[in-house]
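Following: one structure in structure tokens, then a few remarks.
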Amino acid sequence: MHKIVQKIIFIILISIIMNSCQEKLTNHISFEINENWSFREAGNSNWLDAKVPGCVHTDLLDNGIIDDPFYRLNEYDVQWIDKKDWEYQTTFNVDKKILEKDVVELEFKGLDTYANIYLNNQLVISTNNMFISWVVSCKNYLKQGPNTLKIVFHSPIKIGLEKRDDLGYYLPGAENDQSQLGGLGDKKVSVFTRKAGYHFGWDWGPRLVSSGIWQPIVLNAWDKVKIVDVNIIQEELTENEAFLLSEIEIEATKKAEVIILCMVDSEKVGEQKMSLVKGINKVSIPITIYNPELWWTNGLRSQKLYNINIQIKDDSGLLSSQLKKIGLRTIEVIQQPDSIGKSFYFRLNDHPVFIKGANYIPQDIFLNRISDNDYEKLIKSAVDANFNMLRVWGGGIYEKDIFYDLCDKYGILVWQDFMFACAMYPGDSAFLNNVEKEAVQNVKRLRNHPCIALWCGDNEILSAWYRWGWNENVIENQGQNIVDTVWKAYNDVFHNILPEVVKKYDPQKLYWSSSPSAGFGELENGKSGDMHYWGVWWGKEPFTKYEEVIPRFMSEFGFQSFPKFSSVKKYAIDEDWNIHSEVMKSHQRSSIGNVTIEEYLLRDYRKPKDFEMFLYVGQLLQARGIKIGIEAHRRNMPFCMGSLYWQLNDCWPVASWSSIDYYGNWKALHYTVKEAFKNIKISFNKNNDTLDIYIISDSLVNIRAELKLSVIDFQGTIINEIEDEIIVESNKSQIYLKESITAITKGFNQNEILLVAALTDTDGKKIDKSIYYFASPKNLKLLNPKVSYGIERKENNRFLVKLTSDVLAKNAYLQSPVEGHFSDNYFDLLPNEKKEILFTSEEEIEKISIENRIIIHTLIDSYK
């Protein structure tokens, strides 16, 4: 006992010593200005409470001035808001210590968008870009005691209309700008403001053009020096050493003698004395990391992150510091000429990686409502579904730091668009200068993240100019000189400004000028570069077309579904429960939306008996289509090396291409993608009477395994079995078995049987299981299953659900009476198969809350 007490005392002493050694900044005061805010419509005398960060719409909602814009048709009733100017105001205290500092600054991390900022009734700055952080030196405007900060937001619509009128010609595109809904007729103004394009509407989103303080406001006061920026450049990476260069930018208020320290995971690896001059100082310090651990993507290996802390000290102590989390890895986009065109694949740490993931949009139309937990939940959902990349699409925002931090943590690469999509933009000097400032700031902010894999100039603009009739329209209606003017603006932004910014500030990354394209300024051709394929959906082509249109890298393809019924109930009432009702049509922004879902559904499925079953089968339809596409892409590696479907998530409750609805619920698609993106996957391809059994591996090593095929009927009777011992080759897709369908089915009715392919390792552990049906879902002669289940309580609000069925239970869909998440759903439960899944409740509940209360539907329930 005495030794235990001694040990405890020793640990406490060490802890005290360690804490005392963690130096604090001696010269820096910092705090957020986030309290006591109020707002009003400009010219109105009535001030209301406001939240910061926030926006006008959510503040009006919180004060009961407007109803929830997401509910039913309420969106139409709030279109007046964006035509008004709005004022925000607060007071904050400044003490003598702050005013004694050399420098006092206000940092506005995100203002949306046109704002005049007044400090104690003096205009200190005007802003015009929501993607930029604005810093104001404000010491001369401050006083000891209470200080008043007022921000006047000017209507982006009124300013947009003025800019449109002043332009002197009309810009093509911006079809997703829902100007008619906003009462503007065909006057589309979204392109004139450096603001998230999706705020003005999209074919999956509402038109809710807000204004406000969407990111924090911070007061910083400091003496002597401040680290402005740190860039960690990886110069060479070997098995034994990583050679880095830390480029440090320092601002000094006067001459000073300082010591600059470089710490890696709390260990000092570099030190340099420096004589600073007043103003901006730059210094480079080499760093060597021995026996480096590499950063890998999800599913390959771990994601080691090194903490690099740059510190500046003088005799008085620590003056300034900046922490960077970096990952050591090489990332390249390989475009190697071949007999067809050029390859297009990502090579990570000298290893070709098949890219698996989706396109990402902002998680809410009102950005202030997205919590850190929301980011964690969504990125974890991508990780759990075996993603290794997200594309941050160009009609949203450069995401908040937490998004990229989580992608670093979990091994998700990011294809980062600049914020331009589906429109031509102005080309005046003020606009171009604004764009350049935006690009510089965001490239510098994000470049040290190991997740950043590529910078892309725009979404679909190059294709639209040449293939959507924009060019011809301008020639016909405005003349060749306007064509030249419009194209010059495009060329200035996407072929000059943006590539030069990337070259200067992040030269180790590829700049890809437009998605899709075959190369810099080259139109998409399927033989090189990336592709957006929309023949399925917009072209009404069958899902099997995905097996024919195989590009080098598929960066967009998709199909729609509705949210589940419990989600629809949150924004619609029973009289709306029809896909052709006004509410359901409004919560569907694709011009061909609901009728297209219905048309495709009736091709492959029997007509659902009611609205709830239509929603359920619609999700199965979406999952079926995208699975066909994903597996076709994967089977065709290395020719095709990427599959990013459109889209991961929603920004409001809506029928869309998403695999996760606005409320965070996984659709059938996300569960299906989780299977389709597994590192090792069995996939089938039918060629006339021959069934090719592929195994696709993203593994770094070969695996010895047993492949077993079983043909069974829907009651579980075995018709045929084939077994083979194989070696699954690493990072490869290949055919391991070819079987005659006629031979393996032995004359049985193909509407009543299925094929199960199971892959197990040498210890008998399951690697993968895939099911092949010889007929479409519409033609299957399903039996009515008796699905039984039991529940066992686990830790952390988790419950183990054990299921079995007497016959095939196709697309078993489990619903819980409490909010939560099933680890698997919409799955096929084979006859007499024992399946275990986890249910995680969002809140603490007792077993009785869900016992005997889980509802299970299967496909046969949708029409019988």
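The values are calculated or read from the model by the stated rules, or taken from the named source; none is laboratory data. Not measured: the values here are computed from a predicted model. We place every Cβ from the backbone using ideal geometry, glycine too, and count neighbours over all the protein chains shown. These accessible areas exclude ligands, DNA and RNA; they are computed on the full protein's heavy atoms, side chains included. Shrake-Rupley method; radii C 1.70, N 1.55, O 1.52, S 1.80 Å.
Would you work out the charge dipole size for the chain about its Cα centre, treating the Cβ of every Lys and Arg as +1 and the Cβ of every Asp and Glu as -1, and quote it to the nearest 20 debye?
Working: 98 positive and 116 negative charges, 161 e Å.
So the magnitude is around 780 debye.
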Considering only protein heavy atoms, what is the solvent-accessible area of D861 at a probe of 1.4 Å, reported in Å² to the nearest 10? 40 Å²
Enter the Cα centre distance for the pair the stretch 762-781 and the stretch 188-225, rounded to the nearest angstrom. 47 Å
Got a sec? Charge dipole of the chain, +1 on Cβ for Lys and Arg, -1 for Asp and Glu; which of L48, S321, H495 is way out at the positive end? S321
Each label sits 7 Å from Cα toward the beta-carbon; between V135 and D49 the label points are separated, in nm, by 3.5 nm
From the Cα centre of the stretch 241-266 to that of the stretch 165-187, the distance in Å is 49 Å
Please report, in debye to the nearest 20, how large the charge dipole of the stretch 627-770 is about its Cα centre when each Lys and Arg carries +1 at its beta carbon and each Asp and Glu carries -1 there. 320 debye
Using 0.36 nm per residue of separation minus the Cα-Cα distance, give me the extension gain between E582 and K83 in nm, one decimal. 177.1 nm
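Given a Förster distance of 41 angstrom, what is the FRET efficiency for S38 paired with D314, based on the Cβ-Cβ distance and rounded to 0.05?
Details: r = 43 Å, r/R0 = 1.04.
The computed FRET efficiency comes out at 0.45.
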What distance in nm lies between label points placed 7 Å from Cα along the C-beta direction at K254 and K304? 4.5 nm
Against the longest alpha carbon principal axis of the chain, how many degrees, from 0 to 90 and to the nearest 10, is the axis of helix 372-384 turned? 40 degrees
Report the one residue of S429, Q619, W577 whose Cα lies farthest in the direction of the positive end of the charge dipole of the chain (charges on C-beta: Lys and Arg +1, Asp and Glu -1; origin at the Cα centre). Q619
Prolate/oblate/rounded label for the stretch 694-850 (Cα gyration tensor, a/c 1.5): oblate
Using only the heavy atoms of the protein chains and a 1.4 Å probe, how would S555, S38 rank by accessible area, largest first? S38, S555
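Order the following by accessible area, largest value first: R853, R207. Probe radius 1.4 Å; ligands, DNA and RNA are ignored. Working shown, then result.
On the way: R853 120, R207 0 Å².
Greatest to least solvent exposure: R853, R207.
Using the heavy atoms of the protein chains and a 1.4 angstrom probe, tell me the accessible area per residue for the stretch 767-860 in square angstrom.
Numbers: 4440 Å² over 94 residues.
Value for the stretch 767-860: 47 Å² per residue.
Leaving out ligands, DNA and RNA, and with a 1.4 Å probe, what % of the accessible surface on the stretch 210-347 is carbon or sulfur? Spell out each step's value before the answer.
Values: 2810 of 6320 Å².
The value for the stretch 210-347 is 44 percent carbon and sulfur by accessible area.
For the chain, calculate the relative contact order in percent as a whole number, restricting contacts to Cα pairs under 8 Å that are 6 or more residues apart.
On the way: 1957 pairs, mean separation 74.8, N = 864.
Rounded, it is 9 percent for the chain.
Please work out whether the stretch 106-264 counts as rounded, prolate or oblate from its C-alpha gyration tensor, where a ≥ b ≥ c are the square roots of the eigenvalues and a/c under 1.5 means rounded, while otherwise a/b larger than b/c means prolate and anything else oblate? List each step's numbers first, then the result.
Values: a/c = 3.08, a/b = 1.49, b/c = 2.07.
Oblate.
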Assigning unit charges at the beta carbon (Lys, Arg +1; Asp, Glu -1) and nothing else, what dipole magnitude in debye, to the nearest 20, does the stretch 573-677 show about its Cα centre? 600 debye
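At a 10 angstrom cut-off on C-beta neighbours, averaged per residue, how do the peptides 743-751, 689-697 rank from highest to lowest? The partial results should precede the final answer.
Values: 743-751: 13.9, 689-697: 19.6.
In descending order of packing, they fall as 689-697, 743-751.
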Take the alpha carbon gyration tensor of the stretch 196-238, find the square roots of its eigenvalues, order them as a ≥ b ≥ c, and report rounded if a/c is under 1.5; if not, report prolate when a/b exceeds b/c, else oblate. oblate
Just tell me which lysines come within less than 22 Å, Cα to Cα, of K786; anything on the same chain fewer than 8 places away is out. K609, K778, K802, K810, K834, K835, K864
Once label points are set 7 Å from the Cα along Cα→Cβ at both D265 and S371, what is their separation, rounded to one decimal in nm? 3.4 nm
How would you order 667-675, 766-774, 842-850 from highest to lowest mean count of nearby Cβ atoms within 10 Å? 667-675, 766-774, 842-850
Charge-dipole axis of the stretch 731-862 as Lys and Arg at +1 and Asp and Glu at -1 on Cβ define it, positive-most pick from V801, Y789, I753: I753
Once phi is turned into ³J(HN,Hα) by the Karplus curve 6.51 cos²θ - 1.76 cosθ + 1.60 with θ = phi - 60°, what whole-Hz value does each residue of the stretch 330-341 show in order, with x for glycine and proline? 9, 9, 9, 9, 8, 10, 9, x, 9, 5, 9, x
Report the accessible area of T330, computed with a 1.4 Å probe over the heavy atoms of all protein chains in place, in Å² rounded to the nearest 10. 40 Å²
How much of the DSSP beta bridge set in the chain is antiparallel, as a percent to the nearest 5? 85 percent
If you find the alpha carbon centre of the stretch 661-736 and of the stretch 370-388, how far apart are they in angstrom? 26 Å
Most to least accessible of R635, R40 (protein chains only, probe 1.4 Å): R40, R635
